[in-house]
Amino acid sequence: MSSVTTTPAGKGLEGIVATTSSICYIDGERGVLAYRGIDIHELANRSTFEEVCHLLWFGRLPNQQELNHLQSRLAQERQLNPAILDLLRAAPRHALPMDVLRTAVSALSFYDADATKNDHDANIRKSIRITSQIAMIVAAYDRIRKNKRVVDPDRSLSHAANFLLLLNGEKPSETAEHALDIALILHADHELNASTFAARVTAATLSDMHSAITSAIGALKGPLHGGANEAVFRILQTIDSKKVDPVDYVRAMLADKKKVPGFGHRVYHTEDPRATHLRDMSRDLGNASGQPQWYQMSEKIEKFVKAEKKLNANVDFYSASTYHVLGIDEDLFTPVFAVSRISGWAAHVIEQLDDNRLIRPRADYIGPEYPNRYVPIDRR
Ligand SMILES: CC(C)(COP(=O)(O)OP(=O)(O)OC[C@H]1O[C@@H](n2cnc3c(N)ncnc32)[C@H](O)[C@@H]1OP(=O)(O)O)[C@@H](O)C(=O)NCCC(=O)NCCS
């Protein structure tokens with residue numbers, strides 16, 4: 001019996017259900033996103049990133065004691081082997097933070113006692129450890145490339161507050177901490193997006209968590225995925241510096257058949273529920289910080305693209321202006337996505353390895369007909 005199905009998948013595997021999973025529920029028609037069945041709006045309004053990590057990794061919300069325990073384990077893991085800091089220092093100053101993150105996460109395995117263990121408990125330990133380490137790497141490299149002192153972590157702070165401390169060298173305001181915490185919750189998981197799929201494919205070969213997360217970071221980097229938030233801000237910056245009308249600028253992009261970053265989605269055919277929160281945050285933080293222009297430009301672009309192309313803003317559109325007013329450089333936007341999405345990647349690697357089978361689809365062959373003759377080189 002042939003192992004090839006008769007119905008090839010559509011380009012880009014659109015609409016293909018590639019696995020079962022109990023982590024993330026999406027209804028693209030109704031604009032619903034839920035982690036373990038809990039609606040993202042409720043989590044954004046009431047939860048914390050640490051609580052969401054528990055939900056993703058352990059399958060349910062923690063009680064107070066369990067939350068305290070996870071918080072303290074994440075805090076204890078706020079340490080990097082000196083060799084990792086040396087690696088960050090050795091990177092050329094022009095190296096992009098996302099590339100440095102990819103390489104450093106791969107190197108973390110050298111110093112991880114659980115590196116080669118693929119059992120459930122080891123994967124939980126690695127999820128906690130890598131989540132703390134990714135935040136540290138992103139912040140430390142940013143300071144190193146700016147010739148600033150690497151800041152010591154504060155184990156009493158939340159994940160969001162500690163990250164901002166490591167990045168900026170000072171404790172964040174409550175507003176900034178809360179805004180980043182919500183952004184981390186919103187980005188934590190999104191079912192079989194490209195980077196998570198890459199992580200699961202790698203894990204399914206019985207490779208290991210570090211390899212899976214390294215694969216995921218490589219996939220997240222692309223402008224069709226996590227790299228879109230950075231591309232959005234570069235457009236806003238150009239519009240601002242050239243003093244052009246945002247609608248004219250984007251109209252010209254569309255006339256050139258260019259895609260407008262931050263719009264469209266493979267799964268959502270209505271508003272991306274994450275964009276709803278990020279839009280509000282972009283507006284409120286922009287007004288509070290005296291930089292309302294980024295939100296104002298974004299709003300004009302959103303209205304135009306929606307009217308012209310019937311495309312909705314996705315998670316990346318308003319995260320760009322939100323991160324900018326939080327004082328985060330644009331080439332850190334995608335690494336900050338990874339600071340959050342590590343929680344979802346890790347949950348998927350755990351789920352994959354708890355009930356594993358190699359992921360190995362087939363290709364619909366469209367090359368020269370078989371058998372094609374081998375022509376010796378002197379007769380070609
Ligand atoms: C997200 C994305 C990759 C989904 O891709 P997809 O499901 O393969 O959809 P397609 O690229 O095939 O787009 C379908 C149609 O909508 C158009 N379209 C989709 N996104 C668009 C965008 N951001 N700007 C302009 N047109 C867009 C395409 O040009 C295409 O039109 P056509 O049928 O006339 O050729 C795509 O919308 C995109 O590239 N968006 C910009 C990058 C981005 O924001 N990525 C982050 C996603 S969270």
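The values are calculated or read from the model by the stated rules, or taken from the named source; none is laboratory data. What you see is a predicted model; the values in this text were computed from it and never measured. FYI the Cβ positions are ideal-geometry reconstructions off the backbone, even for glycines, and counts take in every protein chain you see. Just the protein is used for accessible areas: all its heavy atoms, side chains included, with ligands, DNA and RNA removed. Shrake-Rupley method; radii C 1.70, N 1.55, O 1.52, S 1.80 Å.
Lys and Arg at +1, Asp and Glu at -1: add these up for the other residues within a Cβ distance under 15 Å of residue 200 and post the number.
-3
Mean 1/r over all different Cα pairs, inverted: what Kirkwood radius does the stretch 202-333 give, in Å?
Averaging 1/r across every pair of different Cα atoms and inverting gives 15.6 Å.
Quick one: pull the percentage of alpha-carbon pairs in the stretch 65-205 with a separation above 18 Å.
Percent of Cα pairs beyond 18 Å in the stretch 65-205: 61.
Write down the Kirkwood hydrodynamic radius of the stretch 198-263, to one decimal in angstroms, obtained as one divided by the mean of 1/r over all alpha carbon pairs.
It is 13.9 Å.
In the chain, which whole DSSP H runs stretch at least 27 Å along their own axis (Cα) and average -1.0 or higher on the Kyte-Doolittle scale?
120-145, 333-354
Leaving out ligands and nucleic acids, and using a 1.4 Å probe, what accessible area per residue does the chain come to in Å²? Each step should come with its number before you reach the end.
Numbers: 18700 Å² over 380 residues.
Here the per-residue accessible area is 49 Å².
Would you work out if the stretch 284-334 is rounded, prolate or oblate? Take a ≥ b ≥ c from the square roots of the eigenvalues of the alpha-carbon gyration tensor; rounded if a/c is under 1.5, else prolate when a/b is larger than b/c, oblate otherwise.
oblate
Ignoring any ligand, DNA or RNA, what whole percent of the accessible area of the chain comes from carbon and sulfur when the probe is 1.4 angstrom?
About 51 percent, which is the carbon plus sulfur part of the accessible surface.
Under the classification rounded if a/c is under 1.5, otherwise prolate if a/b is larger than b/c and oblate if not, where does the chain fall, given a ≥ b ≥ c as square roots of the Cα gyration tensor eigenvalues?
Values: a/c = 1.44, a/b = 1.11, b/c = 1.30.
Note, shape of the chain comes out rounded.
Tell me the volume per residue, in Å³, of the convex hull enclosing the alpha carbons of the stretch 269-380.
261
Quickly estimate the mean residue ellipticity at 222 nm for the chain, helices only: each DSSP H run with n ≥ 4 gives -39500 (n - 2.57), and the total goes over all residues, rounded to 500.
Theoretical 222 nm ellipticity from helices: -18000 deg cm²/dmol.
Net charge near residue 230, counting Lys/Arg +1 and Asp/Glu -1 over other residues with Cβ under 10 Å of its Cβ?
On the way: positive: 221, 234; negative: 316, 329, 330, 331.
So the environment of residue 230 carries a net charge of -2.
Can you check what the net charge comes to around residue 22, using other residues whose Cβ is under 9 Å from the Cβ of residue 22 (Lys, Arg +1; Asp, Glu -1)? Write down the numbers at each step before the final one.
Working: positive: 36; negative: 351.
So the environment of residue 22 carries a net charge of 0.
Under 1.5 on a/c is rounded, so check that first for the stretch 1-144, then, if it is not, pick prolate when a/b is larger than b/c and oblate when it is not; a ≥ b ≥ c are the square roots of the alpha carbon gyration tensor eigenvalues.
Details: a/c = 1.81, a/b = 1.29, b/c = 1.40.
Oblate is the answer for the stretch 1-144, as a/c is 1.5 or above yet b/c matches or exceeds a/b.
Mind jotting down a quarter of the surface of the convex hull over the alpha carbons of the stretch 150-260, in square nanometres, one decimal?
The directionally averaged projection comes out at 10.5 nm².
If you take the Cα Rg of the stretch 307-365 and divide it by 2.2 N^0.38 Å, with N the number of residues, what do you get? Let's see the in-between values first.
Values: Rg = 17.7 Å, N = 59, 2.2 N^0.38 = 10.4 Å.
Relative to the 2.2 N^0.38 Å estimate, the stretch 307-365 comes out at 1.71.
For the stretch 225-278, report the convex hull volume of the alpha-carbon atoms normalised per residue, in Å³, without decimals. Kindly include the intermediate steps, with their values, before the conclusion.
On the way: hull volume 5.7 nm³, N = 54.
That works out to 106 Å³ per residue.
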